[in-house]
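Trainee: I am attaching a structure below and will ask some questions about it afterwards.
The values are calculated or read from the model by the stated rules, or taken from the named source; none is laboratory data. Everything numeric in this text was worked out from a predicted model, so none of it was measured. No Cβ is skipped: glycine too gets one built from the backbone with ideal geometry, and neighbour counts run over all protein chains shown. Note: accessible area is taken over every heavy atom of the protein model, side chains too, but ligands, DNA and RNA are not part of it. Shrake-Rupley method; radii C 1.70, N 1.55, O 1.52, S 1.80 Å.
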Amino acid sequence: MFRLACVPGATPAKWVRIWQERLPDVPLELVQVPTDEASALLRDGGADAGLVRLPVDRTVFSAIPLYTETTVVVVPKDHLVAAVDEVSAGELADETVLHPLDDALDALDWETRPGRPALERPETTADAVELVAAGVGLLVVPQSLARLHHRRDLTYRPVVDAPQSSVALCWREDATTDLVEDLIGIVRGRTVNSSRGRRPAPEEKKTAGKPAANSKGGKGAKTGRTGGSGKAAS
């Protein structure tokens, strides 16, 4: 069993499919975890690796950045913002902008958050989306969360000068197992035969080396090398 933690908005489907093709005998379990609890889960061994939001403590964790998300503002479809293609943080100055307790952007370097704060902070991003639909305020989130909590009566627009959230594959540095290395190879796009991928089984090594071992020098040996031995193909 390999446990992969995923924060809200992370999309592991492609990598899960490749894992299942390459490692059918090792079940992969997805562990859903709130953004602000992901590091603690990995530190305590609750998952073997995770798709988390940066930053993380690099004295404890290794991390491979995967992609960076556009930051967007979620608004009702009849809001003025919905009439434009994008906005700046300054253009939201007169708006009430909700700040949920599980805000995925909290860890970013954002000196001044846009808009005016609401009187109370919603418990979750999902709660904040409900309040946007009720006309209480707007919500600034990574684009994947706007998609995750999509409603037909809401839309979103990019906030061009807002900090952006990056998603990374993360694991405890002192727990870099063979299976973690397999996952690293998958997310980096390595083929199954990559020199840094999963090590070949003993039978595969023996088969690959057999043609060279049976060559006996002279013309036969030369023909064997040009005919595609394991050494020439590597």
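Trainee: What pairs can you find where one residue is in region 165-183 and closer than 19 Å to Ala10 by Cα and of a type in the set (Val, Ile, Thr), the other is open to solvent by less than 30 Å² (accessible area, probe 1.4 Å) and not in a strand (DSSP E or B), and their Cβ atoms are less than 9 Å apart, with a gap of 6+ or different chains?
Mentor: That search, which allows pairs on different chains as well, returns Val167/Val7; Val167/Gly9; Val167/Ala10; Val167/Glu69; Val167/Ser144.
Trainee: Turning to a different aspect of this structure: Can you tell me which condition Thr155 does not meet? The list is (1) closer than 23 Å to Thr11 by Cβ; (2) among the hydroxyl-bearing types (Ser, Thr, Tyr); (3) in contact with an Asp or Glu (Cβ under 9 Å, 6 or more places away or on another chain), and all the others hold.
Mentor: Only one criterion is unmet by Thr155, namely (3).
Trainee: Separate question: Hey, could you check region 1-31 for residues that are crowded, with 22+ Cβ neighbours inside 10 Å and small (Gly, Ala, Ser) and say which is modelled with the highest pLDDT?
Mentor: Step by step, filter region 1-31, then rank; the result is Ala5.
Trainee: Can you find, within region 32-79, the residue that is farthest from Ile184 (Cα to Cα) among those that are open to solvent by 30 Å² or more (accessible area, probe 1.4 Å) and aliphatic (A, V, I, L, M)?
Mentor: So, considering only residues that are open to solvent by 30 Å² or more (accessible area, probe 1.4 Å) and aliphatic (A, V, I, L, M), the one farthest from Ile184 (Cα to Cα) is Ala40.
Trainee: Moving to a separate point now. Quick check on my filter: what residues within region 136-164 are open to solvent by 60 Å² or more (accessible area, probe 1.4 Å) and either under 24 Å from the mean Cα position of the chain (by Cα) or not acidic (Asp, Glu) (or both)? Write out each step before concluding.
Mentor: Step one: of region 136-164, the residues open to solvent by 60 Å² or more (accessible area, probe 1.4 Å) are 136, 147-148, 150-153, 156, 160-161, 164.
Matches in region 136-164: Val136, Arg147, Leu148, His150, Arg151, Arg152, Tyr156, Val160, Asp161, Gln164.
Trainee: Of everything in region 118-155, what is hydroxyl-bearing (Ser, Thr, Tyr) and not in a strand (DSSP E or B)? Give them in sequence order.
Mentor: As a first pass, look at region 118-155 and keep what is hydroxyl-bearing (Ser, Thr, Tyr): 124-125, 144, 155.
Thr124, Thr125, Ser144 - these are the residues of region 118-155 that are hydroxyl-bearing (Ser, Thr, Tyr) and not in a strand (DSSP E or B).
Trainee: Here's another thing I want to ask about it. Is one or more of the residues making up region 109-120 open to solvent by less than 10 Å² (accessible area, probe 1.4 Å) and either under 25 Å from the mean Cα position of the chain (by Cα) or at pLDDT 95 or above (or both)?
Mentor: No, region 109-120 contains no residue that is open to solvent by less than 10 Å² (accessible area, probe 1.4 Å) and either under 25 Å from the mean Cα position of the chain (by Cα) or at pLDDT 95 or above (or both).
Residue-wise test of (1) within 26 Å of Arg172 (Cβ to Cβ); (2) in a strand (DSSP E or B).
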{"position": "Arg17", "(1), (2)": "yes, no"}
{"position": "Leu41", "(1), (2)": "yes, no"}
{"position": "Asp57", "(1), (2)": "yes, no"}
{"position": "Pro65", "(1), (2)": "yes, yes"}
{"position": "Val73", "(1), (2)": "no, yes"}
{"position": "Asp85", "(1), (2)": "no, no"}
{"position": "Pro100", "(1), (2)": "no, no"}
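Trainee: Same structure again: How do the pairs read when you match residues in region 69-85 that are under 17 Å from Gln143 (Cα atoms) with residues anywhere that are open to solvent by 60 Å² or more (accessible area, probe 1.4 Å) and of a type in the set (Asp, Glu), using Cβ under 8 Å and keeping only pairs 6 or more apart or on different chains?
Mentor: If the second residue must be open to solvent by 60 Å² or more (accessible area, probe 1.4 Å) and of a type in the set (Asp, Glu), the pairs left are Pro76/Asp153; Lys77/Asp153; Val81/Glu91.
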